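Notes follow the structure.
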Amino acid sequence: MLNPLVSTLLDRILQGGALTQDDGRALAALGREHTTGLLFAANAVMKARGRVSFTCSIINAKSGTCSQDCAFCAQSGHYRTGSPTHPLLPLEDLVERGLAMHAAGASCYSIVTSGLRLAEDEIERVCACLRELRRRTDLGLSASLGLLTPEYVRRLVDAGLSRYHHNLETARSHFPAICTTHEYDQDIETVLLAREHGLQVCSGGILGLGESWDQRIELAATLAELKVDTVPLNFLNPIPGTPLQDMELLTPHDALKSVALFRLMLPDVDITVAGGREKVLGDYQSWLPLAGANGMMIGNYLTTRGRDLDADTRMLEQGSWI
């Protein structure tokens, strides 16, 4: 039998209502014995809202030497992590990677670059890639290029971009402990700018940065207020050389509970699980749909390897991701 609080709030969501931040905090405070009920509720919401499964992939198009000091990031120029560094890839490489992931079954392809904002010539190269992939595939085209300007976003839209990805990373109240080189409001402004120009917005964060359960709910509430379309959830995979190198991994229980809480707080968005899922969840990855996730990133991530593509493909084909 479901906990009375879970049952009451599930009914509210199924009837078209929304949870408040206080509701989310109350759910997060429930003991471990109620987690199965939370997962059940999250899965029920996902199915009732008709969220369909999807996969996406990214390319690390420009790596390293970033001016920002995000405490988790292997690409920050403030830390010595041994992470590969390279300028923006040639146009041919950007296009070939997109074609390869299209052949592998990805429905969305995202060009991701390090740094606070791209230069003029770099934006033009990304736009050329978008135009070519739009001509040759039916991929959903996404990009994560740092902070936007009105001019840049207009050019990206004209080139065929359909989605912009810009993570908030964590709750506003926890952000100063994670990054000091730009303001949280700058990230908010980029999300709003993308929405204003008709782009779908993909924005989420990383769980396991030392934030509290209340701060996870705070992040979910902020994303709900911003009306984002997709929420990518990553789990910290501590990188040697970063300030968070000694942070303990989330347990599979806490990772799945977190996904379920985001689904209950954000019933009408796509939730995709990306970086760290292999390290944190291991054999529990197939539980992610039960927790309310309906998307999965396939292939490698920015500076860490993803799960073997064949293994992910088998999991999808066997119906473990539904």
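The values are calculated or read from the model by the stated rules, or taken from the named source; none is laboratory data. What you see is a predicted model, and the numbers here were worked out from it, not measured in a lab. Cβ: placed from backbone, ideal geometry, glycine included. Neighbour counts: every protein chain shown. Side chains included, ligands, DNA and RNA excluded: accessible areas come from the protein's heavy atoms. Shrake-Rupley method; radii C 1.70, N 1.55, O 1.52, S 1.80 Å.
For segment 107-120, state whether one or more residues are buried (at least 19 other Cβ atoms within 10 Å of the Cβ) and part of a helix (DSSP H, G or I).
No, because not a single residue in segment 107-120 is buried (at least 19 other Cβ atoms within 10 Å of the Cβ) and part of a helix (DSSP H, G or I).
Which condition breaks for Met101 when tested against (1) surrounded by fewer than 22 Cβ atoms within 10 Å (Cβ to Cβ); (2) of a type outside the set (Lys, Arg); (3) more than 17 Å from the chain's Cα centre (by Cα); (4) modelled with pLDDT under 90?
Every listed condition holds for Met101 apart from (1).
Go through segment 174-192 and give me each residue that's open to solvent by 10 Å² or more (accessible area, probe 1.4 Å), within 20 Å of Gly77 (Cα to Cα) and charged (D, E, K, R).
Hit for segment 174-192 is Glu183, nothing else.
For Lys62, only one of the following conditions fails: (1) within 19 Å of the chain's Cα centre (by Cα); (2) assigned to a loop (DSSP other than H, G, I, E, B); (3) charged (D, E, K, R). What is its number?
(2)
When only residues in segment 141-163 that are open to solvent by less than 20 Å² (accessible area, probe 1.4 Å) and in contact with a Cys (Cβ under 7 Å, 6 or more places away or on another chain) count, which is farthest from Asp121 (Cα to Cα)?
The extreme case among them is Ser142.
Condition first: open to solvent by 10 Å² or more (accessible area, probe 1.4 Å) and touching a Leu at 6+ places or on another chain (Cβ under 7 Å). Now tell me which residues in segment 267-279 satisfy that.
Lys279
Listed here are the residues, each with its yes/no results for (1) outside any loop (DSSP other than H, G, I, E, B); (2) among the polar types (S, T, N, Q); (3) open to solvent by 10 Å² or more (accessible area, probe 1.4 Å).
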| site | (1), (2), (3) |
| --- | --- |
| Arg172 | no, no, yes |
| Ile206 | yes, no, yes |
| Gly210 | no, no, yes |
| Gln215 | yes, yes, yes |
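Over 20 Å from the mean Cα position of the chain (by Cα), within 28 Å of Pro84 (Cα to Cα) and surrounded by 20 or more Cβ atoms within 10 Å (Cβ to Cβ): is that true of Leu130 in this structure? Walk me through how you get there before you give the answer.
Working: over 20 Å from the mean Cα position of the chain (by Cα): yes; within 28 Å of Pro84 (Cα to Cα): yes; surrounded by 20 or more Cβ atoms within 10 Å (Cβ to Cβ): yes.
Yes.
What residue, among those in segment 65-90 that are open to solvent by less than 50 Å² (accessible area, probe 1.4 Å) and assigned to a strand (DSSP E or B), is farthest from Leu139 (Cα to Cα)? Explain how you work it out, then say what you get.
Residues of segment 65-90 open to solvent by less than 50 Å² (accessible area, probe 1.4 Å): 66, 68-76, 79, 81, 83, 88-89.
Those left that are additionally assigned to a strand (DSSP E or B): 66, 76.
Details: Cys66: 28, Ser76: 30 Å.
Only one residue fits best here, namely Ser76.
I'd like the full set of residues that are in a helix (DSSP H, G or I) and surrounded by 14 or more Cβ atoms within 10 Å (Cβ to Cβ), limited to segment 193-202. Break it down into steps so the answer makes sense when it comes.
Initially, segment 193-202 is screened for residues in a helix (DSSP H, G or I), giving 193-196.
If the condition is that a residue be in a helix (DSSP H, G or I) and surrounded by 14 or more Cβ atoms within 10 Å (Cβ to Cβ), then Leu193, Ala194, Arg195 are the ones that fit.
What are the pairs, 6+ residues apart or on separate chains, where a residue within segment 263-274 that is in a loop (DSSP other than H, G, I, E, B) has its Cβ under 8 Å from a residue that is among the hydroxyl-bearing types (Ser, Thr, Tyr) and open to solvent by 10 Å² or more (accessible area, probe 1.4 Å)?
The qualifying pairs are Ala274/Tyr301.
Failed condition for Arg51, given (1) open to solvent by less than 40 Å² (accessible area, probe 1.4 Å); (2) under 30 Å from Ser258 (Cβ atoms); (3) modelled with pLDDT under 95, with all others met?
Every condition holds for Arg51 apart from (1).
For the subset of segment 11-26 comprising residues that are touching a residue at least 60 places away in the same chain (Cβ under 8 Å) and closer than 21 Å to Asn294 by Cα, which member is surrounded by the fewest Cβ atoms within 10 Å (Cβ to Cβ)?
Filtering segment 11-26 for residues that are touching a residue at least 60 places away in the same chain (Cβ under 8 Å) and closer than 21 Å to Asn294 by Cα, the one surrounded by the fewest Cβ atoms within 10 Å (Cβ to Cβ) comes out as Ala18.
Given the conditions (1) at pLDDT below 95; (2) in a helix (DSSP H, G or I), which single one is not true for Gly37?
(1)
Which residue, of Val126, Val153, is in a helix (DSSP H, G or I), touching a residue at least 40 places away in the same chain (Cβ under 8 Å), over 22 Å from Ile271 (Cα atoms) and touching a strand residue (DSSP E or B) at 6+ places or on another chain (Cβ under 7 Å)? Give the derivation first.
Numbers: Val153 fails: touching a strand residue (DSSP E or B) at 6+ places or on another chain (Cβ under 7 Å).
Of the residues listed, the single one that is in a helix (DSSP H, G or I), touching a residue at least 40 places away in the same chain (Cβ under 8 Å), over 22 Å from Ile271 (Cα atoms) and touching a strand residue (DSSP E or B) at 6+ places or on another chain (Cβ under 7 Å) is Val126.
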